[in-house]
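The values are calculated or read from the model by the stated rules, or taken from the named source; none is laboratory data. Predicted model only: the values in this text are computed from it and were never measured. Cβ sites come from the backbone with ideal geometry, for glycine too, and all protein chains shown count toward neighbours.
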Amino acid sequence: MSTATKLRPEAHPKSLTAALRRHITDAGLTAYAVSQMTAPEPEGKPVVSPSVVSRFLRGERSLTLETADVIALALNLSLVEVAARRRGPAKRKGVAK
């Protein structure tokens with residue numbers, strides 16, 4: 001793995017931002033559609049602007065966790081730790097029980 005990938009987690013294919021970007025593009029959603037989905041009411045003003053979503057999708061800007069949360073909630077997505085369920089809790093070196 002290159003140093004740039006290590007320093008930029010969004011470049012890693014399993015990162016949260018990569019997964020969010022992939023979900024949006026795989027669903028065929030436009031930046032405008034995602035933005036409209038963040039409106040609290042059907043005719044309300046979107047919480048996230050189309051330009052923010054568009055720049056995120058093009059990789060020109062990152063999202064704050066709050067903005068990523070708003071988009072994920074609008075898309076009905078949640079964070080699930082599948083591997084952790086299979087293995088049990090992560091073991092840390094040097095941590096006393």
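Worth a mention:
- Flag for Thr25 being touching a residue at least 12 places away in the same chain (Cβ under 8 Å) and exposed (fewer than 14 other Cβ atoms within 10 Å of the Cβ): yes
- Residue-level analysis places Ala31 outside the set of residues that are of a type in the set (A, V, I, L, M, F, W, C), within 17 Å of Leu65 (Cβ to Cβ) and either touching a Lys or Arg at 6+ places or on another chain (Cβ under 9 Å) or surrounded by fewer than 16 Cβ atoms within 10 Å (Cβ to Cβ) (or both).
- Note on segment 9-47: among residues that are farther than 16 Å from Leu77 by Cα and β-branched (Val, Ile, Thr), the one that is modelled with the highest pLDDT is Thr30.
- Test: Leu79 is assigned to a loop (DSSP other than H, G, I, E, B) and either closer than 17 Å to Ile24 by Cβ or at pLDDT below 95 (or both): yes
- Given (1) basic (Lys, Arg); (2) surrounded by 15 or more Cβ atoms within 10 Å (Cβ to Cβ); (3) in contact with a helix residue (DSSP H, G or I) (Cβ under 8 Å, 6 or more places away or on another chain), number of the condition Arg55 does not satisfy: (3)
- Within segment 20-52, tally of residues that are touching a Leu at 6+ places or on another chain (Cβ under 9 Å) and part of a helix (DSSP H, G or I): 9
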